[in-house]
Amino acid sequence: MLNPNRIIANLVAHPVLESVTFVSARALMAYIFIVAGWGKIAGYEATVGYMQAMGVPAELLPVTILLELGGGLAILFGLQTRVVAALLAGFSLVTAFLFHGTPEDAVNFMKNFAMAGGLLLLVLQGAGRFSLDHLIEHQ
């Protein structure tokens, strides 16, 4: 019997395709964090105002920028991927409740949950072969 799940599993079992898939997954996960972190730098004062309006102290903005921009770049390049992915997964869940917990913002709430799910897969699987983690661990 034709099993599409098996077909795809066999395709991505090829080392090059598996590596390209890992890089693609990391890039797609990292993109939103890099853009969001950079946007917070560009609109620092507006972000401070938004955070304060939501009851979050402005002093957390530099940490947020470091986590989003720095964490996004770490995921992109595959550096300390499991640790960073775990931190970003937690961050995604916390920010879902803090900033997107209203019915009007349900899509962003669910987006944060979906990102946390993808990040947890990176925690389980790691960065893959085309990563700084792989270079460091296989010297």
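The values are calculated or read from the model by the stated rules, or taken from the named source; none is laboratory data. Predicted model only: the values in this text are computed from it and were never measured. Every residue, glycine as well, gets a Cβ built from its backbone with ideal geometry; the counts of neighbours run over all protein chains shown. Calculation scope for accessible area: heavy atoms of the full protein, side chains included, ligands and nucleic acids excluded. Shrake-Rupley method; radii C 1.70, N 1.55, O 1.52, S 1.80 Å.
Miscellaneous remarks
- Mean separation of Cα contacts under 8 Å, 6 or more apart, over the residue count of the chain: relative contact order %: 28
- Cβ-based charge dipole, region 13-126, positive-most Cα from LEU69, GLN80, MET29: GLN80
- Per-residue HN-Hα couplings for region 97-106 [Karplus 6.51, -1.76, 1.60; θ = phi - 60°; Hz; x = Gly/Pro]: 6, 6, 10, 10, x, 9, x, 5, 10, 4
- Protein-only accessible surface at a 1.4 angstrom probe places the residues HIS14, HIS100, HIS134 in the order HIS14, HIS134, HIS100, largest first.
- For region 66-71, Karplus couplings with θ = phi - 60° (6.51, -1.76, 1.60), whole Hz, Gly/Pro x: 4, 5, 6, 6, x, x
- Potential lengthening between LEU135 and PHE97 on full extension [0.36 nm per residue; Cα-Cα distance subtracted]: 10.0 nm
- Under a model in which nothing but the beta-carbon of Lys, Arg (+1) and Asp, Glu (-1) is charged, the chain shows a dipole of about 380 debye around its Cα centre.
- Solvent exposure, largest accessible area first (probe 1.4 Å, DNA, RNA and ligands not counted), of GLU104, GLU18, GLU68: GLU104, GLU18, GLU68
- Given R0 = 41 Å, the distance between the Cβ atoms of ASN108 and MET1 translates into a calculated FRET efficiency of 0.50.
- The convex hull defined by the C-alpha atoms of the chain has an orientation-averaged projected area of 10.5 nm².
- Within-14-Å neighbourhood charge of TYR44 [Cβ basis; K, R +1; D, E -1]: -2
- Rolling a 1.4 Å probe over the protein heavy atoms of the chain, with every protein chain left in place, gives an accessible area that is 72 percent carbon and sulfur.
- Segment ALA58-VAL12, extension gain: residue separation times 0.36 nm, minus the distance between their alpha carbons: 12.1 nm
- With the whole protein complex present, ASP105 retains an accessible surface near 30 Å², based on a 1.4 Å probe.
- Around PHE77: net Lys/Arg minus Asp/Glu count, Cβ-Cβ under 10 Å: 0
- Evaluating 6.51 cos²θ - 1.76 cosθ + 1.60 at θ = phi - 60° for every residue in region 15-26, the Karplus couplings come out as x, 5, 5, 4, 5, 5, 5, 4, 4, 4, 4, 5 Hz, glycine and proline recorded as x.
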